[in-house]
Amino acid sequence: MNLTPQFLSGHWSLASFIYRWPDGRELAPLGEARGQLLYLLDGDSPGRMAVQVVASQRPPLDPNSEASLAAHFCSGFAYGGRWSLEGDTVHHDIEVASLVFWEGTRLSRELRFENDRIILSTHEPSPQLPEGGYETRLEWQRSRID
């Protein structure tokens, strides 16, 4: 399928977030996770985007505990900015992020469409697992906003 900005435009819900190694091992870094991805158009061209992914199971927050605050900070991520599409690659040009070192950077993701879902993937190491050697894979399904 030829993925276009018009096709990607809209609201997507997270179906799966995993790290996958070449030997087939998989790890869900947040356990069961939920999230949303929003692609907006600027006319017929890509425009703004925002994403948020969080662990579904998080302990109660104790704002007086540094350990509790750190655990909550590590239980998800969010960022927003501009997006563009180049062949089978979507680029996210980050303006604001929960991880400050992402701000001002470009996160590029391979884009595929399988089984009515878009799959965004990269082989770049994650801040949670910086040694690399795996694919980060997020599957998104189109959702309706009521």
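What the table shows:
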read-out	value
Scope the range 98-109; condition farther than 12 Å from Ser84 by Cα and either assigned to a helix (DSSP H, G or I) or modelled with pLDDT of 95 or more (or both); matching residues	Val100, Phe101, Trp102, Glu103, Gly104, Thr105
Residues (assigned to a loop (DSSP other than H, G, I, E, B) and either farther than 18 Å from Gly31 by Cα or out of contact with any Phe, Trp or Tyr (no Cβ under 9 Å at 6 or more places or on another chain) (or both)) located in the range 129-144	Pro130, Glu131, Gly132, Gly133, Ser143, Arg144
Selection count where residues are surrounded by 12 or more Cβ atoms within 10 Å (Cβ to Cβ), in a strand (DSSP E or B) and of a type in the set (D, E, K, R), scope the range 40-59	1
Number of positions in the range 1-39 that are more than 26 Å from Ser84 (Cβ to Cβ) and assigned to a loop (DSSP other than H, G, I, E, B)	8
Cross-chain or 6+ apart pairs with Cβ under 9 Å, the range 119-146 first and under 15 Å from His92 (Cβ atoms), then hydroxyl-bearing (Ser, Thr, Tyr) and loosely packed, with under 13 Cβ neighbours inside 10 Å	none
Condition broken by Pro5, with the remaining ones in (1) touching a strand residue (DSSP E or B) at 6+ places or on another chain (Cβ under 7 Å); (2) closer than 21 Å to Leu99 by Cβ satisfied	(2)
Any hit, the range 42-61, residues being at pLDDT 95 or above and farther than 17 Å from Gln141 by Cα	yes
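The values are calculated or read from the model by the stated rules, or taken from the named source; none is laboratory data. Keep in mind that this is a model prediction, so the values were computed, not measured. Don't worry about glycine lacking a Cβ; one is built from the backbone with ideal geometry, like all the others, and counts go over all protein chains shown.
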